[in-house]
Structures are given as structure tokens and as C-alpha cells.
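Undergrad: There's a structure below that I have some questions on.
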Amino acid sequence: MSDRVALVRGEDGKSRCWWAVSAPEYVSYHDQEWGRPVTDDDGLFERLVLEGFQSGLSWITILRKRENFRAAFAGFEIDAVARFGARDVKRLMADAGIVRNRAKIDAAIGNARAAARVRDELGSLAALLEPYREKRRRAPRTRDDLPATTPASVALSKELKRRGFAFVGPTTVYSTMQACGLVNDHIAGCAARPATEAARSAPRRR
């Protein structure tokens, strides 16, 4: 099989994006979560933090540690993480169940505080991200149709940094946009794409 193949048929007969079939964790994440809209602030914060921790690592590493991350970071409740102090940093640095990177841990705590400020100003973290939702575009058909960054991710990265967020470069931000359904990058013909399109078209709660 060519290493540029964009769709792969799984053991269940369904065609999926090529990256989604190499591990069970990938299959469930791809089918049930990736590309579907996330509108609750703690959920958005979780994905932003996890994408930051993924920088320099494989995503499967993060997926397999996800429940450990959730336990370590108070379920990614923004207010709880924003209250973390030196004792929590020491605890996290000793936690072998997560990625023990001091800069990323500090960034996660700082990002919780930044997210809380955004929520106080705009009413929600979602209100900051929503304007950067990519307009509908043709479904990608090849790997080459999937960019590492977009003008929207570059602009959102700058805005997040301006507001005090860290580990939010354009590539990390674009990955977050993909994860949260701000852009739908399921390959054309992927079995999960119709569900993500329906979710994006559904009326949003205010």
C-alpha cells in the first residue's frame, strides 16, 4: 500500500482516514470524537492542553495517557486548574502517568488562568474560538489536501498568545481546530464524515 493512501478499509469493512486504523484507540477517537463540534469550555480547554502536550510526541501517546491526564488535571475543569500552585506542579512532575514536561505543565496551568479571563470577558472560551471556525470547503481527498496550518489557525494562534496562552503555535492550534470540529478534515469517503457534517449542521445551543 502506498504511504500516501488517504483512506484505509478497516477490519469492519468501513473506510477511514489513513491515520485512524493503526490502533484501537485511534479508531474510537476518530469515529466518535475527532472533527465533531466541542462547545463546552472545559472540553475545549482539555483539547487545547492535550494538543500542547502532544507537541514533539505521537498522538497515540497522549490518547493512551488521556485518563491519567484527566485525573491529574482535575478533569480539565478550568477553575480548578487555574488554582494549581507549586505543590500541584511538584505532584504533576512526579506523575509517571502523564508527560512530565515542566514547560508544558506550567503552560497548562497558565492557559487555565487565561481561559478563565477569556470566559469572564466574553462569557465563554467557545466565544473566542467560534469566529475562527473555517467556512465549509470541499472535503479533502488526499493527504496533500490537509494543511499543517491555515490563515485561521495562524490568526487564532496570535490571538491566544496575545491573551496569555502558551504552547499555542499555528500547527498546535490547527490540530485543536480539527479535534474540536472547527474544521472538518475527514477525508472524502470516510465513514465518519457524514456524522461530523451532521453535527456541524445541527443548531447550536446558546
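The values are calculated or read from the model by the stated rules, or taken from the named source; none is laboratory data. All of these numbers come straight from a predicted model, not from anything done at the bench. Cβ placement follows ideal geometry from the backbone for every residue including glycine, while neighbour counts extend to all protein chains displayed.
Undergrad: What's the number of the only condition in (1) without any contact (Cβ under 8 Å) to a residue 12 or more places away in the chain; (2) exposed (fewer than 14 other Cβ atoms within 10 Å of the Cβ) that residue 74 fails to meet?
TA: Exception for residue 74: condition (2).
For (1) in contact with a helix residue (DSSP H, G or I) (Cβ under 6 Å, 6 or more places away or on another chain); (2) surrounded by 21 or more Cβ atoms within 10 Å (Cβ to Cβ); (3) under 17 Å from residue 35 (Cα atoms); (4) at pLDDT below 95, each residue gets a yes or a no:
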{"residue": "134", "(1), (2), (3), (4)": "yes, no, yes, yes"}
{"residue": "139", "(1), (2), (3), (4)": "no, no, yes, yes"}
{"residue": "147", "(1), (2), (3), (4)": "no, no, yes, yes"}
{"residue": "152", "(1), (2), (3), (4)": "yes, no, yes, no"}
{"residue": "157", "(1), (2), (3), (4)": "yes, yes, no, no"}
{"residue": "163", "(1), (2), (3), (4)": "yes, no, no, no"}
{"residue": "170", "(1), (2), (3), (4)": "yes, no, no, no"}
{"residue": "176", "(1), (2), (3), (4)": "yes, yes, yes, no"}
{"residue": "187", "(1), (2), (3), (4)": "no, yes, yes, no"}
